[in-house]
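Here the structure is laid out as structure tokens; the discussion comes afterwards.
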Amino acid sequence: MARRYFIAGNWKMNKTAAEAKALIEGIKALEGSQTQVDVAVCTPFTALDAASKALAGSTIKLGAENLYPKASGAYTGEISPDMLKEFDCAYVILGHSERREYFKESDEFINEKVRFALENGLKPILCVGETLAQREGGQTIEVVSSQTKKGLASISADSAKNVVIAYEPVWAIGTGKTATPAMAQEVHAQIRKILSELFGADTAENMQILYGGSMKPENADELLKEKDIDGGLIGGAALKAESFVSLIKSAICAASR
Ligand code: PGA
């Protein structure tokens, strides 16, 4: 299997620049130079400079948590792809459920951002996932399929190779509740089916689909055993070097199976 495991930290609105430096030093001291799995930390904008400097010389990549889909101009408070690339950002998280919910981001707007990120050489980590009401209402597959298709509208198979999908059931984020490996695998398989319809089987086979939602050292091994779970987008457990590194180690173990 050509797919590599990928462990990405989503720091959300946590860590000042000084704290980011300290956390990255901690991660690097424990696991800063392995090459078996892909690793990234996605930090707040204000910590990117410090994070970028702290990551120098390690194999860990840097990501941002959002962008605005314009090159420059009168968009007070927003951040463009070039501003992110100045700090060597490789990834950008887009369509996180917190942005969908609190900032009313629509699938169409998220798609605009995904396309603009790709045009500007950033790899989007596109988040999709159902709410508890949607899961209980039996709409999980429908919701996730629709978010995936709309988020990836008008993207070529060639560009899709640079997209990472994160399946994050909203009810599992930050709640300590995790989807069971079987529940997650079912949705991941569906996402891969859609990717295959959109971009062809070869491209779909090579795209990384991460699980997110209270992934932690205690449940990572079981989740990563599933065929279509290629890693994790990690919130809470990414804020401490020990737990984040333990997840990297779980992915290294899964990769060597
Ligand atoms: P969590 O967050 O690991 O704290 O549940 C994951 C995410 O929201 O990306």
For Lys225, counting only aspartates and glutamates whose alpha-carbon sits under 16 Å away and dropping same-chain residues fewer than eight positions off, the answer is Glu186
quick note, the chain, DSSP beta bridge pairs, % antiparallel (nearest 5) is 0
The pairs in Lys70/Lys149; Lys12/Lys216; Lys70/Lys113; Lys150/Lys193 lying past 18 Å Cα-Cα in this model are Lys70/Lys149
Between Ala157 and Met183, the two model label points (7 Å from Cα along the beta-carbon direction) sit apart by a distance in nm of 3.5
Once all protein chains are kept in place, Met83 shows an accessible area at probe 1.4 Å, nearest 10 Å², of 90
For the range 171-257, Rg(Cα) over 2.2 N^0.38 Å is 1.10
For the chain, the Debye formula with one identical point scatterer on each Cα and no solvent gives log10 I(q)/I(0) at q = 0.07, 0.08, 0.14 Å⁻¹ as -0.21, -0.27, -0.90
Calculated from DSSP helices alone, with each H run of at least 4 adding -39500 (n - 2.57) and the total divided by the residues of the chain, [θ]222 nm to the nearest 500 comes to -13000 deg cm²/dmol
Rounded to the nearest 10 Å², the 1.4 Å probe accessible area of Val245 is 0
With all protein chains in place and a 1.4 Å probe, Leu84 shows an accessible area in Å² (nearest 10) of 0
Unit-weight point scatterers at every alpha-carbon of the range 122-208, Debye formula, q = 0.13, 0.16, 0.18 1/Å: log10 I(q)/I(0) is -0.41, -0.61, -0.76
Of all DSSP beta bridges with both partners in the range 1-81, the antiparallel percent, nearest 5, is 0
Binned at 10 Å starting from 0, the alpha-carbon pair-distance distribution of the range 1-79 in whole percents comes out as 18, 45, 26, 10, 1
For the range 141-201 the trypsin sites (Lys or Arg not before Pro) that pass both the DSSP coil test and the at-most-15 other-Cβ-within-10 Å test are Lys161, Lys177
The aspartates and glutamates whose Cα lies under 20 Å from the Cα of Lys28, excluding any fewer than 8 residues away in the same chain, are Glu19, Asp38, Asp49, Asp88, Glu242
One quarter of the C-alpha convex hull surface, i.e. the mean projected area of the range 4-157 in nm², amounts to 10.3
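The values are calculated or read from the model by the stated rules, or taken from the named source; none is laboratory data. Quick caveat: nothing in here was measured; it's all calculated off a predicted structure. A quick note on method: Cβ atoms are made from the backbone with ideal geometry, for glycine too, and the neighbour counts reach across all protein chains shown. Ligands, DNA and RNA are excluded from the accessible area calculation, which covers all protein heavy atoms including side chains. Shrake-Rupley method; radii C 1.70, N 1.55, O 1.52, S 1.80 Å.
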